Amino acid sequence: MPKIKLADNTIKVIKDVCAEYNNSEGELINVLHKVQHKLGYLPAEVQEVIAKELKTSVAKVYGVVTFYSFFSMVPKGEFPISICMGTACYVRGAEQVLNEFKRQLKVEVGESTGDGMFSLNCLRCLGACGLSPVVMVGEKVYGRVAPTQVKQIITDYRDGCGSSDSSKTA
Amino acid sequence: MTDYKMHLLVCGGTGCKAADSDEIRNSLKYWIEQTGMEDDAQVVFTGCFGFCEKGPIVKVLPGNTFYVGVQPGDAEEIVKEHLVKGRPVQRLLYTDPVTKEEISDSKGMEFYKKQMRIALRNCGFINPENIEEYISRDGYMALGKCLTELSPQEVISEIKESGLRGRGGGGFPTGLKWEITNKSEADQKYVVCNADEGDPGAFMDRSILEGDPHSIIEAMAICGYCIGADKGLVYIRAEYPLAIERLKIALNQAREYGLLGEDILGTGFNFDISIRLGAGAFVCGEETALIHSMEGLRGEPTFKPPFPSVSGYLGKPTNVNNVETFANVPVIINKGANWFNKIGTEKSKGTKVFALAGKINNIGLIEVPMGTTLREVIYDIGGGIKDGKEFKSVQTGGPSGGCLTKDFLDTPIDYDNLIAAGSMMGSGGMIVMDEDDCMVSIAKFYLEFTLEESCGKCSPCRIGNKRLHEMLDKITKGEGEEKDIERLKMLSHVIKDTSLCGLGQSSPNPVLSTIANFEDEYLAHVNEKKCPSGQCKDLLKYEVVEDLCTGCTLCFRNCPVGAITGERRQPHYIDQSICIKCGVCYWKCKFNAIKLS
Amino acid sequence: MDTIQLTIDNKPVVVKKGITILDAASSVGIHIPTLCHMKLDDLNIENRPGGCRICVVEVEGRRNLAPACCTEVADGMVINSHSIRVINARQTVLELILSDHPADCLICAKSGKCELQDMAHHLGIREIHYKGEQSTYREDTSPAIIRDVDKCIMCRRCEMMCNEVQTVGVLSAINRGFNAVVSPAFEMNLDHSVCTYCGQCVAVCPTGALTEVDQTAQVVRALSDPTKTVVVQTAPAVRAALGEEFDMEPGTLVTGKLAASLRRLGFNYVFDTDFAADLTIMEEGTEMLNRLSRFLEGDKNVKLPILTSCCPAWVKFFEHQFPQLNDIPSTARSPQQMFGSIAKTYFAEKMGIDREDLVVVSIMPCVAKKYECGRDEFKVNENPDVDYAITTRELAGLIKLANIDFNKLPNEDFDLPLGESTGAGVIFGTTGGVIEAAVRTAYELYTKKPLQKLDFHELRGMEGIRHATIDFAGFPLKIGIAHGLGNARKLLEKIESGESEFHAIEIMSCPGGCIGGGGQPYHHGNAEILKKRQMALYQEDSNKTIRKSHENPYIIQLYEEFLGKPMSEKAHHLLHTEYFDRT
Amino acid sequence: MTKIKTLADLRKIKEEVQSKIKLRENSDHPEQVVQVKVGMATCGIASGAKETMKYFVDELEQQAIDAVVTQTGCMGYCYAEPTVEITLPGKEPVVFGYVNKDKAEEIIDVYIKRGALIDGIIPLAFRTIDD
């Protein structure tokens, strides 16, 4: 078994979350959510601690982590890019947008750029179908994105003005 | 302050604009100036009135006079007769198709208001973060009535009589479900609200939770009273942070006001609700999977029976209803089953919320009585197809549903009719597709979805959907054979027949319905190796139109794979063996010199 | 009893209420094929995920097909188990499963014993119409078990055994959809996990996805090496099961043929682990009596109950899961390791053979024994006390490889001195047997009186947890028995919380004990086979003239010539061990 | 807040809130209050409804226009987000679509201050449970 090599305060964060949920096995998903929120992702060592605290097997924790697409075992990029692949976005060209992101960033879905700046993911329907196709960068939603805008969106973040209003397209 | 006495509202919806409403507006303005009424009457453009087949539309305020089929040439008459003399132009009024009477006040033409908002009654009206606004609109009155005036059995009877069926897709009678859970003996029972709205393109549950969370809380408490549960759980997608936040605020307010907690309204009834987060698994919309997920397990469905009503969360009887279903409950109690069951069709009562999306003008959330036709929804409410394109198909029921052709446009929407047409109600996504959408690709898109969302527990869903997807992929790449279509059908039927849960049992529906309704498209892909909609990029060719190419080298410089060659100021050439069909040249070209074939 | 009437394949049937279509059909001789479903009656073990969808049948009035294993019968139900719709669906589903399964049957370790292969034959599959991507995974080889996950069909039996029955929790379904598969956490290798190598996953796997590490080749090489003297020991449970590999009725005792076949395979000395089992009783029984008498003398520090330590999977289990209890189990080594230790010292000296030139092979019903013999504490200068541990199944393979017509072999005896054993040693192979053997000896040593009755029926059976109180001349000795690690866990938790009243507890990892070991011929979900093996061992015991370990003349001789007395310093050095915290 | 302990309490609160709202809507009342509701569901916010709302709050305050600005849920006109409903005293509510800062400015200047309509009204076309 891989030896746990987390920092003590990280372990404390995890233990505190588990305790908040009474170390109850039934709260596993809530615990994973909260820990991921705090640590950004759920590497193996973190799952080991959670399993131990909730008195369940680490295989079960891993089984749950790999079942739900919300949980990630790899750190996301500084600016995680999510392309909505809901039907409404799909029929309005989300796939072309996705391909353009892949091409521009030279990564596949689920990967991060070498500099750790961007990670690329798909998600299922944000429910913002009125704005389709929709792209999220971090918490920011871009609506009606055309493939030709992709380069600009990336450049904006690269230039450090990603959150400025200039990039808003909705 | 300018105070216009009259307003002329000219429809600026896409349909009406296409029918020259710009010109109508200009003419109206012209004649208003000519008659010197510019200080009394104002002309404004509005959004779509949603009555596009009768457009262009002009409405005159005050009086709500509703003119249909208005032409620019009619402007003079409207101004001179109506505005100046106060005499409505009779020939432009809408004629009631039944009574043949002309209707001058649009308030008298309620039937034109295709929408009827029950579940969405408070969305967009009240501040969802203020419980008092909910209370002011009869909020918690239904709960009060149930707790003080009705026995659980009487409430169940009322719900049964209303004919309310599950709005999450299955259409199971809600009252019956409550009754079964009521009759299951146990020391602890649960009310679960399924807010794991996973159908891509459906967002009504999110809107209700964001816009009217108290209606769900109230309904869950009523359900708890009926079945004998004091605990409720809302299982909600983690992708809906705002809905979660609003729900949390609402729960806290309800507790503060004593509408949740112990001894509610002094009746001795206890009820409280907690939130469970989903984590991105579509299959958790299936109730047994949802329950496992709430228990901290992989969201794998289990065989039913036992149904959750008998053995659900932690093995206890559990009543699971979805958000929209719950949203109807307080209204049924307040207005009575007999009011509710007059709306809708014989077997499907009430209204249904749809999320209109895709190639349609008025993308949005609508609520119509059961029995409204697809045509009314798409054209009268949705404002027709975007960019004046040809309607091809409408997809209902999400990944479990099917694609319906224009032959079904006049089908009244209800649970049974949609199933008979080869689709299903689902949770209410309605995606409109136009001539540019390839139906084989659409089927493949949905399969990709189920493939990714299948839990993997049963073999037909785990492997069968993979094989379906592979066959569709082959076809979209031009590598399919005619016999593949037959194979697709056979395999689809077996997957439907043998899968463990609703996901697998319905996952081949998009395949079957597209084959049934668009077989010619499949045949074009396999026999002619052509994609009639020009969507399947492997069947596409980007070529330079030599006559239009100026040799600006823009495409050459932007091609990511160096497939384009050519000298400056000379027509360029695309090497098909290198081209990856990314389309960059097509977008970049400023001279339309790249064509798709 | 409530009964209901229904129709299956046009046959009116009256069955008990509440049973499944599968059981109802089977009660009238209609055997609906199943793949993922597995039920071990009396052991409360059932795998019923309803996942493979092979057992689907047509039920009139139902929209889709019903899985027979999960669907309860209802009054008036009309069922068709072989309509064209059913057959087509069943074949298609199987084709789908096969389309994601390597077609290397000819060289698969499971060939001939594979339930998937049988099913393909049974359903007459001649072509796989649906071809496409196959899932591929890294093969995982551990000291005892090989996971070839490409062959996993997601029946979930192993997952159920590992979690529900054994509560070891190494295996879980991971990922989802087409990528779903059963695996340890992080897809790590078994040898990095808390796996006990109990082998119950191997015992129930319907395909070749989980198999034992095959060491027959090494054994053949040792046998053909003229510089080596090769001795073999064979565990008690092997003789009650090996016959099944040669089409004999389950429960047929083949002790004599077993000895004969081993001799024909070329082993220089054919010995019996039962001898070492008797030796175990001497050591473990003495340790138990020591602890007991200290307890009775009022020693508050004495650790009770004493737990048996014959089972290597059990040892690894508590080392991982209850290391805080490491000082409770008996320090006695398992019979396999006692044998190896004695063979490479006492026997080797006696015969004048260098330790390095002596190869000890054991035939075990177990895959964990492969791991046990590789543990460092059982090696002297890197040379293991037991060189190779092969399973009952591997031995059958060796016999076939050597062209031996097993069924026609004469009955032969084991060689002396390490081949002599008592009835007490024989019953080590079943749940309850070790403690019964211990009681026989401990009673006489403690009371100094001969036992009136040697059969302790109160200790026998198949219940997962059993207990009995034996009257030790006025002292009520409280005994607990658990088989299956999940049951063991329950007893351990009671010990931890101080609720346990037992003085001695016997634990075996596998349901039924070694007769149900992970290395035995596959039972394919038939619990009757386990019961028949158990009965065979009790029969062998009652046939023996000597039935108490301390009366084994060669054991007495071993102590006289070599060890001194039980728990002597030499015995301690050679026959006892220590446990490690593996968390 | 004291807890609502009986149904009668609940009715009382309902009536209180309703009369408060009536007061607000009553055109005869000397204090004429403009009501602004901003659709603040996910798609509204994604389209900039927060900025729109902030603009209304700041601007109306700065111009000393007596108004109540509140948020509400999805009005259903996703294609025209952000959507804002304005109710002038004594008038029917009017819904405007695509309300960004510029549009909001126009709404304040033209509609709220002068009562003149502007382009971009979304006609309400549905029945409610009270119809």
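The values are calculated or read from the model by the stated rules, or taken from the named source; none is laboratory data. Source: prediction; values computed, not measured. Cβ sites come from the backbone with ideal geometry, for glycine too, and all protein chains shown count toward neighbours.
Of the listed requirements (1) in contact (Cβ under 8 Å) with a residue 24 or more places away in the chain; (2) out of contact with any Ser or Thr (no Cβ under 8 Å at 6 or more places or on another chain), A:Gln36 misses just one: (2). Sort out which residues of the stretch D:113-122 are surrounded by fewer than 19 Cβ atoms within 10 Å (Cβ to Cβ) and in contact (Cβ under 8 Å) with a residue 12 or more places away in the chain, and write them in order of number. The answer is D:Lys113, D:Gly115, D:Ile118.
Just so you know, in the stretch C:83-114 the residues that are within 15 Å of C:Ile54 (Cβ to Cβ) and in contact with a Ser or Thr (Cβ under 7 Å, 6 or more places away or on another chain) include one that is farthest from the other protein chains (Cβ to nearest Cβ), and it is C:Cys114.
One residue stands out among those in the stretch B:258-275 that are crowded, with 24+ Cβ neighbours inside 10 Å and not in a loop (DSSP other than H, G, I, E, B): the one that is nearest to the other protein chains (Cβ to nearest Cβ), which is B:Ile264. Within the span defined as the stretch B:99-116, one or more residues are closer than 30 Å to B:Ile419 by Cβ and either modelled with pLDDT of 85 or more or among the β-branched types (Val, Ile, Thr) (or both). Number of residues in the stretch B:451-484 that are over 23 Å from B:Ser400 (Cβ atoms) and in contact with a Ser or Thr (Cβ under 8 Å, 6 or more places away or on another chain): the value is 0. Within the stretch D:96-119, can you find the residues that are more than 7 Å from chain B (Cβ to nearest Cβ) and touching a helix residue (DSSP H, G or I) at 6+ places or on another chain (Cβ under 9 Å)? Residues satisfying the conditions are D:Phe96, D:Tyr98, D:Val99, D:Asn100, D:Lys101, D:Lys103, D:Ala104, D:Glu105, D:Ile107, D:Ile108, D:Ile112. Comparison of B:Asp520, B:Asp484, B:Asp547 shows that the only residue that is assigned to a helix (DSSP H, G or I), of a type outside the set (Gly, Ala, Ser), out of contact with any helix residue (DSSP H, G or I) (no Cβ under 8 Å at 6 or more places or on another chain) and free of Cβ contacts under 8 Å to residues at least 60 places away in the same chain is B:Asp520.
Only one of the listed residues (B:Gly296, B:Gly266) is of a type in the set (Gly, Ala, Ser) and either outside the structural domain of B:Lys189 (by TED's automatic domain parsing) or under 30 Å from D:Lys12 (Cβ atoms) (or both). That residue is B:Gly266.
For the stretch D:37-91, the set of residues classified as part of a helix (DSSP H, G or I) and within 13 Å of chain B (Cβ to nearest Cβ) consists of D:Thr42, D:Cys43, D:Gly44, D:Ile45, D:Ala46, D:Ala49, D:Lys50, D:Met53, D:Cys78, D:Tyr79, D:Ala80, listed by residue number. Within the set B:Lys248, B:Lys231, the sole residue that is more than 12 Å from every other protein chain (Cβ to nearest Cβ), basic (Lys, Arg) and more than 20 Å from B:His292 (Cβ to Cβ) turns out to be B:Lys248.
Applying the condition of being in contact (Cβ under 8 Å) with a residue 24 or more places away in the chain and aliphatic (A, V, I, L, M) to the stretch B:468-481 and asking which residue is farthest from C:Glu58 (Cα to Cα) yields B:Ile475. Scanning the stretch D:46-65 for residues that are modelled with pLDDT of 85 or more, among the hydrophobic types (A, V, I, L, M, F, W, C) and surrounded by 22 or more Cβ atoms within 10 Å (Cβ to Cβ) yields D:Ala49, D:Met53, D:Phe56.
Candidates B:Ala250, B:Ala254, B:Ala289, B:Ala281: the one that is small (Gly, Ala, Ser), surrounded by 20 or more Cβ atoms within 10 Å (Cβ to Cβ), within 28 Å of B:Thr148 (Cβ to Cβ) and within 28 Å of the chain's Cα centre (by Cα) is B:Ala250. Residues in the stretch B:453-481 that are assigned to a helix (DSSP H, G or I), of a type in the set (S, T, N, Q) and within 9 Å of another protein chain (Cβ to nearest Cβ): B:Ser459, B:Asn465. Just a yes or no: is a residue in the stretch D:6-22 away from chain B (no Cβ under 11 Å) and free of Cβ contacts under 8 Å to residues at least 60 places away in the same chain? No, every residue in the stretch D:6-22 fails to be away from chain B (no Cβ under 11 Å) and free of Cβ contacts under 8 Å to residues at least 60 places away in the same chain. Could you tell me whether any residue of the stretch A:44-64 is part of a loop (DSSP other than H, G, I, E, B), closer than 24 Å to B:Glu452 by Cα and either without any contact (Cβ under 8 Å) to a residue 40 or more places away in the chain or within 14 Å of chain C (Cβ to nearest Cβ) (or both)? No, every residue in the stretch A:44-64 fails to be part of a loop (DSSP other than H, G, I, E, B), closer than 24 Å to B:Glu452 by Cα and either without any contact (Cβ under 8 Å) to a residue 40 or more places away in the chain or within 14 Å of chain C (Cβ to nearest Cβ) (or both). With a requirement of 1 or more residues that are crowded, with 24+ Cβ neighbours inside 10 Å, the helices (runs of 4 or more DSSP H) lying completely within the stretch C:305-398 that satisfy it span C:312-321, C:335-342, C:368-372. State which residue is surrounded by the most Cβ atoms within 10 Å (Cβ to Cβ) when the search covers only the stretch A:139-158 and only residues that are of a type in the set (Ser, Thr, Tyr) and within 15 Å of A:Phe118 (Cβ to Cβ). Top of the filtered list is A:Tyr142. Quickly run through the stretch A:95-141 and pick out the residues that are facing another protein chain (nearest Cβ under 10 Å), out of contact with any Asp or Glu (no Cβ under 8 Å at 6 or more places or on another chain) and touching a residue at least 12 places away in the same chain (Cβ under 8 Å). A:Gln96, A:Asn99, A:Glu100, A:Gln104, A:Cys122, A:Ala128, A:Cys129, A:Ser132, A:Val134, A:Met136, A:Lys140, A:Val141 - these are the residues of the stretch A:95-141 that are facing another protein chain (nearest Cβ under 10 Å), out of contact with any Asp or Glu (no Cβ under 8 Å at 6 or more places or on another chain) and touching a residue at least 12 places away in the same chain (Cβ under 8 Å). In the condition set (1) more than 19 Å from D:Arg127 (Cβ to Cβ); (2) at pLDDT 90 or above; (3) touching an Asp or Glu at 6+ places or on another chain (Cβ under 8 Å), B:Thr373 is compliant with all but (1).
The rows are residues; the columns are (1) more than 9 Å from chain C (Cβ to nearest Cβ); (2) modelled with pLDDT of 95 or more.
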residue	(1), (2)
B:Leu451	no, no
B:Ile485	yes, yes
B:Pro510	yes, no
B:Glu528	yes, no
B:Ser533	yes, no
B:Cys536	yes, no
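Let's see how each residue does on (1) touching a residue at least 24 places away in the same chain (Cβ under 8 Å); (2) of a type in the set (Phe, Trp, Tyr); (3) part of a helix (DSSP H, G or I); (4) surrounded by 24 or more Cβ atoms within 10 Å (Cβ to Cβ):
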residue	(1), (2), (3), (4)
C:Ala488	yes, no, yes, yes
C:Phe502	yes, yes, no, no
C:Ile515	yes, no, yes, yes
C:Gly519	yes, no, no, yes
C:His523	yes, no, no, no
C:Glu528	yes, no, yes, no
C:Ser542	yes, no, yes, no
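For B:Cys585, the conditions (1) buried (at least 20 other Cβ atoms within 10 Å of the Cβ); (2) part of a loop (DSSP other than H, G, I, E, B) all hold with the exception of (2). Among the residues examined, B:Arg255 qualifies as assigned to a helix (DSSP H, G or I), within 13 Å of chain D (Cβ to nearest Cβ) and free of Cβ contacts under 8 Å to residues at least 24 places away in the same chain.
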